[in-house]
1. Given the conditions (1) open to solvent by less than 80 Å² (accessible area, probe 1.4 Å); (2) modelled with pLDDT under 90; (3) out of contact with any Cys (no Cβ under 7 Å at 6 or more places or on another chain), which single one is not true for Thr218?
2. Can you confirm whether segment 16-34 contains a residue that is out of contact with any His (no Cβ under 6 Å at 6 or more places or on another chain), outside any helix (DSSP H, G or I) and under 17 Å from Arg101 (Cα atoms)?
3. Condition first: open to solvent by 40 Å² or more (accessible area, probe 1.4 Å) and not in a loop (DSSP other than H, G, I, E, B). Now tell me which residues in segment 101-110 satisfy that.
4. Any residue at all in segment 61-80 that's among the hydrophobic types (A, V, I, L, M, F, W, C), open to solvent by 50 Å² or more (accessible area, probe 1.4 Å) and modelled with pLDDT of 50 or more?
5. Give me a count of the residues in segment 194-209 that are in contact with a helix residue (DSSP H, G or I) (Cβ under 7 Å, 6 or more places away or on another chain) and open to solvent by 70 Å² or more (accessible area, probe 1.4 Å).
6. Which one of these is hydroxyl-bearing (Ser, Thr, Tyr), more than 30 Å from Gly131 (Cβ to Cβ), without any contact (Cβ under 8 Å) to a residue 12 or more places away in the chain and touching a helix residue (DSSP H, G or I) at 6+ places or on another chain (Cβ under 9 Å): Ser212, Ser184?
7. Can you give me the number of residues within segment 115-142 that are exposed (fewer than 15 other Cβ atoms within 10 Å of the Cβ) and within 16 Å of Val29 (Cβ to Cβ)?
8. Hey, Leu211 hits all of (1) part of a helix (DSSP H, G or I); (2) modelled with pLDDT of 90 or more but one; which does it fall short on?
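The values are calculated or read from the model by the stated rules, or taken from the named source; none is laboratory data. The shown structure was predicted, so the numbers you read here are calculated from the model rather than taken from an experiment. Here the Cβ positions follow ideal geometry from the backbone for every residue, glycine too, while neighbour counts run over all protein chains shown. The protein model used for the area step is the full one, side chains on, heavy atoms only, and it has no ligands, DNA or RNA in it. Shrake-Rupley method; radii C 1.70, N 1.55, O 1.52, S 1.80 Å.
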Amino acid sequence: MARIRVLVVDDHRIFAESLAAALAAEPDVDVAAAGSGPAALRALERAAAEARPYDVILVDAELGGPAPGGAAAVGGVPALPVPRPEEPGAVDGISLVAQVRAARPGVRSVVLAEKDDPRCAARALQAGASGWVAKDCSLQRLLTVIRGVLRDETHLPPALLTGVLRELTTARKHRTESEQLVESLTPREREVLRCMVAGLGRKAVAERLFLSPHTVRTHMQNVLGKLGVHSTLAAVALARRAGVGPAEPVTVRLAGDVVERGSQLA
């Protein structure tokens, strides 16, 4: 019998242990639990290194904040470690789904939610989730979803379908409009915009592009005007919707040392 390896990620210890214990009672399921995003990523990395990768990760939609820092399973039932006061690099549930999608594309993600939220569910699908399930659903329903996503199915509650489709259509419309605005920029203005996305200040942009601060200021004003926004933060948000990535950091070698320029606000 092919076994399904499942990782439960939830910072509510009692819920995580109860769910994992219920899943472990299934004859074809191996399960472990993690109490935070960083702990989950470590568990996925460790499992892959041991050639025992997880197949499905169940992620709390409201995951966030400091939480337990590891994942382990004894006799198929997970043992969550004692929470630590701080967990560096903590991420929310949707961000974790995106990171898992990027780092472990073979792992299917299912989001567990307290309530149905079309906007959050749409974000989860955009991040790479294959399913959205209510936390109070039956165990059989959850097992159906787990086995379904392994067949490349996408599972959403019927009541969410209309709302999720509306959100995805709206997001696509906004992206298209943002792309058109970015296309109106000159090549130099797009370079400046990418620097803004990277978080560079005017002085750093001037040094990077070999321009005067005054010229950079003019370019930035032109960028804001053409994008129809009034602040750098709004310009960056629009750029990200259009798929504009940050400018790459410039690496300079000095006497054998490597120095990164333009990697932070000036």
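1. Of everything listed in (1) open to solvent by less than 80 Å² (accessible area, probe 1.4 Å); (2) modelled with pLDDT under 90; (3) out of contact with any Cys (no Cβ under 7 Å at 6 or more places or on another chain), Thr218 misses just condition (2).
2. Within segment 16-34, the first condition is being out of contact with any His (no Cβ under 6 Å at 6 or more places or on another chain), and the residues that meet it are 16-34.
Subset that is outside any helix (DSSP H, G or I): 25-34.
With under 17 Å from Arg101 (Cα atoms) added as a condition, the list becomes none.
The answer is no; no qualifying residue exists.
3. Scanning segment 101-110 gives Arg101, Ala102, Ala103, Arg108.
4. No, every residue in segment 61-80 fails to be among the hydrophobic types (A, V, I, L, M, F, W, C), open to solvent by 50 Å² or more (accessible area, probe 1.4 Å) and modelled with pLDDT of 50 or more.
5. Selection size over segment 194-209: 2.
6. Working: Ser184 fails: without any contact (Cβ under 8 Å) to a residue 12 or more places away in the chain.
Of Ser212, Ser184, the one residue that is hydroxyl-bearing (Ser, Thr, Tyr), more than 30 Å from Gly131 (Cβ to Cβ), without any contact (Cβ under 8 Å) to a residue 12 or more places away in the chain and touching a helix residue (DSSP H, G or I) at 6+ places or on another chain (Cβ under 9 Å) is Ser212.
7. Counting residues in segment 115-142 that are exposed (fewer than 15 other Cβ atoms within 10 Å of the Cβ) and within 16 Å of Val29 (Cβ to Cβ) gives 4.
8. Of everything listed in (1) part of a helix (DSSP H, G or I); (2) modelled with pLDDT of 90 or more, Leu211 misses just condition (1).
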